[in-house]
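Student: Provided herewith is a single structure, encoded as structure tokens, for subsequent inquiry.
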Amino acid sequence: MRDVLEQLKVCSPTITDLRATVDGGMQLIGYFYTDYPGFGLDHETLSELGQLRPGIDCDFYYLYSEKREDS
């Protein structure tokens with residue numbers, strides 16, 4: 001998420017203008033094969049998201065299987 005926010009900084013005034021007339025969103029997708037590492041946002045990230053006001057959709061998939069990959 002931090003990487004995406006960094007990339008959006010150059011066009012954040014445009015995004016802010018667009019938010020007056022259209023909805024925007026950010027979708028996070030994670031595939032986890034062993035343990036779920038958790039999800040958290042620091043205050044700086046929350047502040048930047050607050051300025052952009054995107055909807056956020058998180059889809060996390062736990063792909064654990066008792067069947068071994070090499071069998």
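Student: Is it the case, given these coordinates, that L28 is touching a strand residue (DSSP E or B) at 6+ places or on another chain (Cβ under 8 Å), in contact (Cβ under 8 Å) with a residue 24 or more places away in the chain, outside any strand (DSSP E or B) and among the hydrophobic types (A, V, I, L, M, F, W, C)?
Tutor: no
Student: When the residues of segment 52-63 are filtered to those that are loosely packed, with under 10 Cβ neighbours inside 10 Å and either in contact with a Pro (Cβ under 7 Å, 6 or more places away or on another chain) or not small (G, A, S) (or both), which remaining residue is modelled with the highest pLDDT?
Tutor: Per the criteria, the residue is D59.
Student: Follow-up question, since we're still on this one. Output the residue which, of all residues in segment 25-51 that are surrounded by 10 or more Cβ atoms within 10 Å (Cβ to Cβ) and more than 13 Å from the chain's Cα centre (by Cα), is farthest from P13 (Cα to Cα).
Tutor: By that ranking, first place goes to Y33.
The values are calculated or read from the model by the stated rules, or taken from the named source; none is laboratory data. If you're wondering where the values come from, they're calculated on a predicted model, not measured in any experiment. All Cβ positions, even for glycine, are placed from backbone atoms using ideal geometry, and neighbour counts span all protein chains on display.
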